[in-house]
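The block underneath contains the structure these notes are about, expressed in structure tokens.
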Amino acid sequence: MHAHVSRVWNFSAGPAALPQAVLECAQREMLDWNGSGASVMEQSHRGKRFIEMAERTEADLRSLLAIPSDYAVLFLQGGATQQFAQIPMNLAGDGDSADYIVSGHWSAKAVSEASSYVRVNVAASAAADDYLKLPERASWQLDPQAAYVHYAPNETIHGVEFHDIPDVGPVPLVADMSSNILSEPLDVSRFGLIYAGAQKNIGPSGLVVMIIRRDLLQRAGRPMAKIFRYAEQAANDSMLNTPNTWGWYVAGLTFRWLHEQGGLAVMAQRNRAKAALLYATIDGSGGYYRNSIEPAARSRMNVRFTLRDNALDAAFLAESEAAGLMALKGHKALGGMRASLYNAVPMEAVEALTAFMRDFAQRHG
Ligand code: PMP
């Protein structure tokens, strides 16, 4: 059916690689989905077929993450960025404050966007360390009266990741898991709210998956249009208006694929092994490649590295692309390189990358 398709190893930070099996399934079903004679994109979200798919998708996510029944799952739009504003709108009332932990670009962005809706207390920040380590838990200035504590367990641009869930007591913990959701098993009960833009570990952009403890739906928040209110979305099965039907469908294919792989414990093992190989290659290069992040804070999902001689950056990028390794250029704010190793990136891709890196270093030594 697709004899001459050639796929590269894709290290994009997002929108990112999707499992090939998911893309092939979507391709097979493109013209005639589920015996309907039409694409999933061409039919009503109120139809029986779509509702069944949506329910199965939620059930598959619930079983993957063992989501307790006192949590609602929402399929929203507007990206993770919209949630930076919507979270304080929903969870904080007049005069409330909220604690924010700043560990990189995205958690800093969350602070600036939330500031219009809530009194933000930056309880800890690693900005002074250039985000090369995480703000130490002992130094956090948490307020027991805070409406919630917000943090980003994985920073996509800075390449730092929390490897434990911080204990913040009874205040609801809110996590931006855009770039590490579904990368390992998770104790959902430790969180008040988890949200993730889909375009890294779930599916196409334009979809946000949210897991929210139901009691938080009862928070009054502030006056706002229904479309912004989590309680309304939950009461209407995330179909208050027309949802991102395509994104929801592809997310469902990814969840099924994750189950077929053996679930999140298997993914966690693979993700650890992939990151370990790449960091070992960087650290073992005699300084040719470098990652200066404190080892305990290094991300498994987004691996940053620089070349000792940055005059070789352009050659590294051109040659890696020619070798079928896509999207290794680091974020423009930081320069250097970045390889994102989400679920859909197989070990083979990391083996190809590390072989290329060793070869490049030898040739341009
Ligand atoms: N948070 C994190 C951790 C991200 O990586 C991103 C996107 N790269 C965002 C938030 C913003 O997501 P979106 O573009 O979906 O608004």
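Full extension from Lys48 to Glu294: what is 0.36 nm times the residue separation minus their Cα-Cα distance, to one decimal in nm?
Computed gain between Lys48 and Glu294 is 83.5 nm.
Report, to one decimal in Å, the Kirkwood hydrodynamic radius for the stretch 1-103 based on all distinct Cα pairs. Intermediate results must be reported in sequence, preceding the final value.
Details: mean 1/r = 0.0555 Å⁻¹.
Hydrodynamic radius (Kirkwood, Cα pairs) of the stretch 1-103 is 18.0 Å.
Among Ala235, Gly197, Tyr151, whose Cα sits farthest toward the positive end of the charge dipole of the chain (+1 at Cβ of Lys/Arg, -1 at Cβ of Asp/Glu, about the Cα centre)?
Gly197
Write down the Kirkwood hydrodynamic radius of the stretch 264-364, to one decimal in angstroms, obtained as one divided by the mean of 1/r over all alpha carbon pairs.
13.8 Å
For the stretch 25-261, evaluate the Debye formula with one uniform point scatterer on each Cα (no solvent term) and list log10 I(q)/I(0) at q = 0.13, 0.17, 0.18 Å⁻¹, rounded to two decimals.
Taken in order of the listed q values, log10 I(q)/I(0) reads -0.77, -1.25, -1.38.
Suppose every Lys and Arg Cβ carries +1 and every Asp and Glu Cβ carries -1, with no other charges. What dipole size does the chain come out with about its Cα centre, to the nearest 20 debye? Spell out each step's value before the answer.
Values: 33 positive and 37 negative charges, 57 e Å.
Value, rounded to 20: 280 debye.
Using alpha-carbon positions, what is the distance between the centroids of the stretch 211-250 and the stretch 43-76, in Å?
After rounding, the separation between the Cα centres reads 13 Å.
Of the DSSP beta bridges with both residues in the chain, give the percent that are antiparallel, rounding to the nearest 5.
If we restrict to bridges inside the chain, about 55 percent are antiparallel.
Over the chain, with the other protein chains present, what is the accessible area per residue in square angstrom, probe 1.4 angstrom?
Accessible area per residue: 43 Å².
Would you list which lysines come within 28 Å of Lys332, measuring only between C-alpha atoms, while excluding same-chain residues fewer than 8 positions from it?
The qualifying lysines are Lys109, Lys133, Lys200, Lys274.
May I ask you to derive the FRET efficiency for Ser39 and Asp187 from their Cβ-Cβ distance with R0 = 51 Å, giving the value to the nearest 0.05? Could you put the intermediate results ahead of the total?
Numbers: r = 38 Å, r/R0 = 0.75.
So, using R0 = 51 Å, E works out to roughly 0.85.
Positive end of the dipole of the chain, charges at C-beta (+1 Lys, Arg; -1 Asp, Glu), about the Cα centre: which of Leu278, Leu64, Met30 has its Cα farthest in that direction?
The one lying farthest along the dipole's positive direction is Met30.
Just flag the trypsin sites (Lys or Arg not before Pro) in the stretch 243-339 sitting in loop per DSSP whose Cβ has no more than 13 other Cβ atoms within 10 Å. Each step should come with its number before you reach the end.
Values: sites: Arg256, Arg270, Arg272, Lys274, Arg290, Arg298, Arg300, Arg304, Arg308, Lys329, Lys332, Arg338; in loops: Arg300, Arg308, Lys332.
Counting only loop positions with at most 13 other Cβ atoms within 10 Å, the trypsin sites (Lys or Arg not before Pro) in the stretch 243-339 are Arg308, Lys332.
If I compute solvent accessible area with a 1.4 Å probe over the protein chains, what percent of it on the chain is carbon and sulfur?
Carbon and sulfur: 50 percent of the exposed surface of the chain.
The values are calculated or read from the model by the stated rules, or taken from the named source; none is laboratory data. Everything quoted here is computed from the prediction, not taken from an experiment. Glycine also receives a Cβ, built like all others from the backbone with ideal geometry; neighbour counts cover every protein chain displayed. With ligands, DNA and RNA removed, areas are computed over all heavy atoms of the protein, side chains included. Shrake-Rupley method; radii C 1.70, N 1.55, O 1.52, S 1.80 Å.
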